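K.L.:
Have a look at the structure that comes next, please.
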Amino acid sequence: MSHAHSAPVLTIDGPSGSGKGTVSARVAGQLGWRLLDSGALYRAVGYAAGMAGLDLSDVDAMARCAEATRIQFRAGAAEGTTRVIVNGHDATDELRTETAGAAASAIAAMAPVRDALVALQLGFRKAPGLVADGRDMGTVIFPDAAFKVFLTASASERAKRRYKQLKEKGLSVTLAGLQREIEARDNRDASRAVAPLKPAADAVIVDTTGMGIDDVVAKVLAVVHPLPAA
């Protein structure tokens, strides 16, 4: 791989609700590394497709949309947060909805869509380093990464976290409904033919059930430090 020695990479993979996004942003901030939220790329394509009125089941249309969608990450006002700009529009809040998540999961199973986004993801690998957050960062996109983590947590724990987040935003949701959605998405992500969700063979598995964010961040940073000699 041409990027093999260009910059160190820490991949943080795991299922929805395992804390990847928050942990990745915090870790990237503490390391001073760039951040790639790969899940946001798929959500962004799903969002762009929806805005264009495209059929999410049309593989060719989704692949063309993936190639055409312009996606930028910008630092948010709060420490460790990121804003996602899609085709010039700040779509950060829209991308966090369950609808956007379901759309992302559906189109992420499409090989042409994944192919269209590979080059974009590889382009994030620049000095001083990259924290790559997703579901196949350590297995498919950056298999040569020096550091790999797989975050997980029980479905009930992840549903409780999501429930708290959505209720704080004033959204009407049920805990049981969220858990069913999470379990269904886990099954879909793990059983898909293209890049199924699974830990890389050399990943450090961190179960975040019952853990506070600071403890999880410390565990992940411990995987990186001390950095190997250049």
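The values are calculated or read from the model by the stated rules, or taken from the named source; none is laboratory data. Please read all numbers here as calculations on a predicted model, not as lab measurements. Here the Cβ positions follow ideal geometry from the backbone for every residue, glycine too, while neighbour counts run over all protein chains shown.
K.L.:
Go through segment 214-226 and give me each residue that's of a type in the set (A, V, I, L, M), in contact with a helix residue (DSSP H, G or I) (Cβ under 9 Å, 6 or more places away or on another chain) and more than 30 Å from Ala109 (Cβ to Cβ).
P.N.:
Hits for segment 214-226 are Val217, Leu221, Val224.
K.L.:
Out of (1) in contact (Cβ under 8 Å) with a residue 12 or more places away in the chain; (2) surrounded by fewer than 22 Cβ atoms within 10 Å (Cβ to Cβ); (3) over 19 Å from Asp37 (Cα atoms), what's the single condition that is false for Lys198?
P.N.:
Of the numbered conditions (1) in contact (Cβ under 8 Å) with a residue 12 or more places away in the chain; (2) surrounded by fewer than 22 Cβ atoms within 10 Å (Cβ to Cβ); (3) over 19 Å from Asp37 (Cα atoms), the odd one out for Lys198 is (3).
K.L.:
Check segment 42-54 and report whether any residue there is crowded, with 21+ Cβ neighbours inside 10 Å, at pLDDT 90 or above and touching a Gly at 6+ places or on another chain (Cβ under 8 Å).
P.N.:
Yes: segment 42-54 contains one or more residues that are crowded, with 21+ Cβ neighbours inside 10 Å, at pLDDT 90 or above and touching a Gly at 6+ places or on another chain (Cβ under 8 Å).
K.L.:
Scan segment 119-142 and give yes if some residue there is part of a strand (DSSP E or B), among the polar types (S, T, N, Q) and surrounded by 15 or more Cβ atoms within 10 Å (Cβ to Cβ), otherwise no.
P.N.:
no
K.L.:
May I pose another question? In segment 148-199, what residues are over 17 Å from Glu98 (Cα atoms), aliphatic (A, V, I, L, M) and touching a helix residue (DSSP H, G or I) at 6+ places or on another chain (Cβ under 6 Å)?
P.N.:
Val149, Leu151, Val194, Ala195, Leu197
K.L.:
Which one of the conditions (1) within 28 Å of Lys148 (Cα to Cα); (2) of a type in the set (D, E, K, R); (3) part of a helix (DSSP H, G or I) does Asp60 fail to meet, given that it meets all the rest?
P.N.:
Just one mismatch for Asp60, condition (1).
K.L.:
So which of Leu41, Leu35, Leu54 ends up being of a type in the set (A, V, I, L, M), in contact with a helix residue (DSSP H, G or I) (Cβ under 7 Å, 6 or more places away or on another chain) and part of a loop (DSSP other than H, G, I, E, B)?
P.N.:
Leu54
K.L.:
Looking only at segment 84-118, count every residue that is surrounded by 15 or more Cβ atoms within 10 Å (Cβ to Cβ), outside any helix (DSSP H, G or I) and either of a type outside the set (S, T, N, Q) or touching a Lys or Arg at 6+ places or on another chain (Cβ under 6 Å) (or both) and tell me the total.
P.N.:
Residues in segment 84-118 being surrounded by 15 or more Cβ atoms within 10 Å (Cβ to Cβ), outside any helix (DSSP H, G or I) and either of a type outside the set (S, T, N, Q) or touching a Lys or Arg at 6+ places or on another chain (Cβ under 6 Å) (or both): 8 in total.
K.L.:
Filter segment 63-83 down to the residues that are outside any loop (DSSP other than H, G, I, E, B) and not acidic (Asp, Glu) and list them by number. Outline the logic, then answer.
P.N.:
Looking only at segment 63-83, we keep the residues that are outside any loop (DSSP other than H, G, I, E, B), and these are 63-68, 71-75, 82-83.
Ala63, Arg64, Cys65, Ala66, Ala68, Ile71, Gln72, Phe73, Arg74, Ala75, Thr82, Arg83 - these are the residues of segment 63-83 that are outside any loop (DSSP other than H, G, I, E, B) and not acidic (Asp, Glu).
K.L.:
Would you check if Arg43 is basic (Lys, Arg) and within 19 Å of Asn87 (Cβ to Cβ)?
P.N.:
Details: basic (Lys, Arg): yes; within 19 Å of Asn87 (Cβ to Cβ): yes.
Yes: the conditions hold for Arg43.
K.L.:
Among residues belonging to segment 64-96 that are at pLDDT 85 or above and among the β-branched types (Val, Ile, Thr), point out the one that is nearest to Leu166 (Cα to Cα).
P.N.:
Thr92
Quick grid of which residues meet (1) closer than 26 Å to Val216 by Cβ; (2) at pLDDT 90 or above; (3) not charged (D, E, K, R):
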site: Ala104; (1), (2), (3): yes, no, yes
site: Ile107; (1), (2), (3): no, yes, yes
site: Asp115; (1), (2), (3): no, yes, no
site: Leu120; (1), (2), (3): no, no, yes
site: Gly123; (1), (2), (3): no, no, yes
site: Val140; (1), (2), (3): yes, yes, yes
site: Ala146; (1), (2), (3): yes, yes, yes
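K.L.:
Tell me which residues, restricted to segment 151-167, are in a helix (DSSP H, G or I) and either of a type in the set (Gly, Ala, Ser) or crowded, with 16+ Cβ neighbours inside 10 Å (or both). Write out each step before concluding.
P.N.:
Applying the first criterion (in a helix (DSSP H, G or I)) to segment 151-167 yields 155-167.
Across segment 151-167, the qualifying residues are Ala155, Ser156, Glu157, Arg158, Ala159, Lys160, Arg161, Arg162, Tyr163, Leu166.
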